[in-house]
Structure formats: structure tokens, C-alpha cells
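First comes the structure, then the notes that go with it.
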Amino acid sequence: MSPTRRGAIILVVMIFVLIGCFFLSFVFMPQAGVAVGLPVIIVPGEPYDPSLPVDSFRWTNTLTATVLSTLVTLLIAALAWWKSKGWRKEVPGRIQLLVELLGGFMYGFSKQMAGKRARLVFPLVGTIFLFLLMANWMKLLPGVESVGVMHCAEVGLSGYPVVYTGSAYQYWIDQSLDAGTGGTEENLHACEEFKYAGVKPTQEDLEAAAEHLTAEETAIMADEALTPAEQELRIAEARIAAVEHLYHGATVPLTANEIETGVIPYIFTVTPYVRGATTDLNLTLALAFISVVAIQVFGTIAQGPNYWQKYVNLNALGNLKKKPLGAVDFIVGLFEIISELGKLISLSFRLFGNMFAGGILLAVMAFLIALILPTIFLGLEVIVTSIQALVFAILTLVFSAQAMEGHHNDEEHHDDHEAHGDSEHHEASEQTNAQSA
């Protein structure tokens with residue numbers, strides 16, 4: 001068979017596959033109520049119980065991921081300590097070897113940047129790197145950010161009606177690429193009332209309501225005095241009335257078939273049990289705050305109280321008579337304070353932005369093409385998440401090394417040394433002249 005014929009056969013197969021996917025996604029799946037809806041993207045961490053007041057403490061799925069990442073980090077450290085017999089085992093096992101590789105890699109960076117003070121900064125830098133590595137990789141595990149608890153949608157969140165399949169509740173989506181319906185205060189209260197104290201209609205009630213709605217829609221369609229727009233409006237009103245008769249406060253119109261199927265006309269959404277910890281700005285901002293505070297501590301340990309003249313240069317103010325340009329040094333020190341605050345923003349938003357965007361990328365790829373292609377992006381995301389953990393740790397290391405160098409007052413110390421040497425030379429000259437006389 002010639003390459004042209006093989007290419008033609010492959011092209012025909014691709015066309016039939018695309019046609020089949022089109023009918024599956026836009027015809028058969030919507031009829032069954034399992035059409036593909038647009039992914040819901042939420043920036044803040046999602047509480048498991050949205051009914052709690054906003055100003056109260058609400059445990060979120062990102063907080064769960066943070067706790068799990070911390071436990072995994074501690075478990076790895078304890079396991080490596082146990083397997084290495086307190087790091088006294090000369091022939092390392094697999095776990096010890098892996099930890100030594102990561103630790104040696106980070107300590108090499110610390111030695112290169114901080115020199116003899118590497119032992120001071122390495123524990124923090126190594127811990128940040130390992131913790132972020134666990135937190136970033138966790139969001140790539142199956143079930144994370146995809147399996148969760150279904151609850152009534154809060155105000156502003158998009159959701160869908162649900163149907164009970166006999167073992168669990170699932171979304172009822174009868175339109176492909178449906179972005180869902182925004183939750184309202186009215187829907188939230190009605191949904192919570194139905195969920196916890198409402199009277200659920202029986203199957204006989206559902207069948208009777210569906211039969212009555214079908215008859216009413218048939219009568220409306222047969223009324224020639226109504227225009228098509230008026231018929232659609234009357235049918236929508238009839239559907240809402242039928243739904244309100246069965247479910248108190250429901251505002252989602254349902255067809256007769258949907259009522260008989262048992263679709264629950266309230267807006268529900270799903271909160272994943274676990275969501276990537278670093279996709280929450282609260283965690284990245286807290287880590288950046290810890291990093292910046294540690295930088296100040298390292299600088300103070302290395303230089304003493306004189307380190308804080310980096311921000312408020314008292315020596316420059318004291319020497320204004322001799323060096324009027326010292327006023328510029330004082331002003332520059334004030335700008336250093338802004339620079340430290342800028343580190344909070346750059347460290348936190350860099351990590352948060354990359355991790356949140358990576359999660360959206362995986363969701364979009366899985367939504368567009370659910371076969372093979374997401375695996376490629378999953379592999380790329382492993383690399384990106386590892387690099388972002390390394391970048392955060394290395395930036396903390398670099399800033400700490402700069403804080404401990406003490407280069408701000410080197411020129412001043414050099415001037416003082418020269419002045420001290422000139423005075424000694426002047427005193428020696430006077431003693432020589434006196435002896436000659």
C-alpha cells in the first residue's frame with residue numbers, strides 16, 4: 001500500500017473519530033445529563049462547610065494540603081534519620097541516599113553562596129525546599145483537586161443541579177460547555193433547608209408532577225393565539241411552578257423528563273478534599289514572611305546591631321559635617337526598607353502564580369483532550385513544580401547571604417582604618433622629630 005493510501009485511510013479514520021466525539025459530547029452526553037461543563041476556578045482556599053460565618057474559622061482544603069505536606073516532610077526526615085542510624089551508617093540505603101543527594105545538593109548551593117556561614121542558613125533553606133517540593137508534587141496526585149464533598153453553592157460560586165444515581169450524587173448537566181449557574185443567597189438558604197430539614201418528594205409525586213407538566217406544555221403549544229416567544233415564556237413559568245410545588249424555594253426550571261428522573265433543582269458545587277497548598281496565597285505569603293524575617297535574623301547574627309544601619313544609617317547622619325553626601329546614604333537606607341517589603345511580594349506571588357496557573361493548565365488540557373495529552377503536561381508540571389521549589393529556596397539563600405556580607409559599611413570601615421593609620425603615622429613623625437632635637 002502506498003503512503004498516499006495509508007494517509008487517506010488515517011485521515012478518514014480521524015474524521016470519523018472526530019464526528020463520533022462530536023456526537024458523543026454534544027448529543028448523547030447532554031441527553032443523559034452528563035455533558036462536560038466548564039471547569040470552576042476558585043482562587044481562595046475552599047472551606048468544607050460554607051454554611052459557617054465568613055468571619056469564623058473555616059477549615060479549608062488548602063490548609064489540609066499544608067498539614068499533609070508538613071507531615072510528609074517530617075516523616076521523610078524521621079525516616080531518613082532512622083534508616084541512617086543517626087547518619088552514622090556508612091553504606092547508605094535508598095532512603096538515606098535520596099535524602100543525602102537532596103541535602104548535599106542544597107548544601108552545595110549554601111556553601112557556594114554563604115561560604116563559612118552555610119551551616120547557619122542551610123537548615124532553613126533545605127527545609128523550605130523539601131516542604132515546597134512535597135506541597136507542589138502533592139497537587140499532581142490522582143484525586144487531588146478532583147474528588148471532594150458536594151454542598152450547596154455559596155453566593156457567587158457557580159454550580160449545577162444534581163441527581164442521585166443510587167450510590168452517590170452527581171452533576172446534572174444537559175448542555176455541553178455549560179458554565180453553570182451562579183449561586184444566590186435565596187438558593188443557598190433553600191438548598192440548605194432541603195438538605196437538612198426538607199421533605200423530599202416521593203417517586204409517585206415526581207411522576208405525577210411530570211405528567212401534569214407534560215399536559216400543560218402540550219396545551220400551551222397547541223394554543224395558536226400565542227406567539228412562539230409567548231409560548232416559551234409560558235412553558236418556562238410552568239416549569240418553575242412545577243418545581244416550586246415539589247421543592248420549596250427552588251428557582252431552577254426543569255423539564256418533565258428531568259423531574260421524573262429525580263433532578264434536584266438547587267445549585268450545588270464540589271469542594272475538593274485536598275487542593276494544592278501553594279495555590280493558596282495565604283501559604284506563599286506566610287512562607288515569604290518567614291523567609292524575610294529569617295534574612296533579618298541572619299544579618300543581625302553576622303553583623304550585630306550594626307546591621308540595622310542598612311535601613312536607618314545613623315553613621316551617615318552623624319558624619320554630615322564631614323560628608324554632606326551622607327544624606328544620600330540615609331535616604332538610600334530608607335529605600336532598603338521598601339526593598340525588603342518588595343521581597344514579600346515577589347517571593348509569594350511568584351510561587352502562587354506559577355502553581356495556580358499550572359493547576360488551571362492541567363484542568364484545561366483535561367477538559368479539551370482527556371486522553372494522552374494531559375499526561376505530557378503532567379510531566380512538564382513535575383519539572384515546573386520542582387523548579388519553583390528550588391527557586392524559592394535559592395532566593396532565600398541569596399538574600400540571606402547578601403544580608404550577612406555587610407558590604408554597606410565596608411567603605412566606612414576602610415575610611416576609619418585609613419584615618420587611624422594616618423594619625424599613627426603623624427604621631428610617629430612627631431616622636432622622631434623630638435628625638436632629633
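Every number here is computed from the coordinates shown, using simple stated rules; none is lab data. No experiment lies behind these values; they were computed from the predicted model shown. Because the Cβ atoms are built from the backbone with ideal geometry, glycine has one as well, and the counts that use them run over all protein chains shown.
Taking the Cβ of G108 as the center, what net charge do the other residues with Cβ under 14 Å away carry, scoring Lys and Arg +1 and Asp and Glu -1? Net local charge, G108 excluded: +1.
Which trypsin sites (Lys or Arg not before Pro) from the stretch 87-126 combine a DSSP loop assignment with at most 12 other Cβ atoms within 10 Å? Walk me through the numbers before you get to the answer.
Numbers: sites: R88, K89, R94, K111, K116, R117, R119; in loops: R88, K89.
Passing sites in the stretch 87-126 are R88, K89.
For the stretch 176-184, 3J(HN,Hα) computed residue by residue from phi via the Karplus equation (6.51, -1.76, 1.60; θ = phi - 60°) reads 5, 6, 6, 7, x, 10, x, x, 10 Hz, glycine and proline entered as x.
If you place +1 on the Cβ of every Lys and Arg, -1 on the Cβ of every Asp and Glu, and leave all else neutral, what size is the dipole of the stretch 157-271 about its Cα centre, to the nearest 20 Debye?
Numbers: 4 positive and 20 negative charges, 97 e Å.
Taking the Cα centre of the stretch 157-271 as origin, the dipole is about 460 debye.
Quick check: net charge around E154, other residues with Cβ under 10 Å of its Cβ, Lys/Arg +1 and Asp/Glu -1? Around E154, the charge tally is -2.
Summing charges over neighbours of E204, with a neighbour being any other residue whose Cβ is under 14 Å away from its Cβ, gives -3 when K and R count +1 and D and E count -1. Roughly what would the spin-label model give for M14 and E405, points 7 Å off Cα along C-beta, in nm? Distance between label points: 5.5 nm. Within the chain, the cysteines lacking any other cysteine Cβ closer than 4.7 Å to their own Cβ are C21. Loop-resident GluC sites (Glu not before Pro) (DSSP state other than H, G, I, E or B) in the stretch 156-262 with no more than 12 further Cβ atoms inside 10 Å of their Cβ: E224.
Among the chymotrypsin sites (Phe, Trp or Tyr not before Pro) in the stretch 1-84, those placed in a DSSP loop whose Cβ has at most 10 other Cβ atoms within 10 Å are F57.
Stretched out straight at 0.36 nm per residue, the stretch from F377 to T127 would grow longer than its current Cα-Cα span by 87.3 nm.
The alpha carbons of the stretch 157-271 give a radius of gyration and a Dmax of 14.8, 48 Å, in that order.
Compute the length gained on full extension between V155 and F349: take 0.36 nm times their separation in residues and subtract their Cα-Cα distance, giving the result in nm to one decimal. Each step should come with its number before you reach the end.
Details: separation 194, 0.36 × 194 = 69.84 nm, distance 2.68 nm.
Here the segment from V155 to F349 would lengthen by 67.2 nm.
The phi torsions of the stretch 264-271, fed into the Karplus equation with coefficients 6.51, -1.76 and 1.60 and a -60° offset, translate into couplings of 8, x, 10, 8, 10, 9, 10, 9 Hz, rounded to whole numbers, with Gly and Pro shown as x. Simple spin-label estimate for V40 and A241 gives 3.2 nm between the two label positions (7 Å along the Cα-to-Cβ direction from each Cα). Full extension of the segment from I331 to W81, taken as 0.36 nm per residue of separation minus the current Cα-Cα distance, would add 85.1 nm.
Grab the beta carbon distance between H248 and L141, set R0 = 35 Å, and tell me the FRET efficiency rounded to 0.05. Numbers along the way, then the final one.
Details: r = 41 Å, r/R0 = 1.16.
It comes to 0.30.
Restricting the calculation to Cα atoms, the chain shows an Rg/Rh of 1.20 when the hydrodynamic-style radius is the Kirkwood one. Placing a label point 7 Å from the Cα of S51 along the Cα-to-Cβ direction, the residues of the stretch 153-187 whose backbone N falls under 17 Å from that point are 153-155, 184-187. Give the separation of the Cα centroids, the stretch 151-195 to the stretch 48-106, in Å. Taking the Cα centre of each part, the stretch 151-195 and the stretch 48-106 sit 36 Å apart.
Relative contact order for the chain using alpha-carbon pairs under 8 Å, separation at least 6, rounded to a whole percent? Can you show the working numbers first?
Working: 508 pairs, mean separation 91.1, N = 437.
Relative contact order, the chain: 21 percent.
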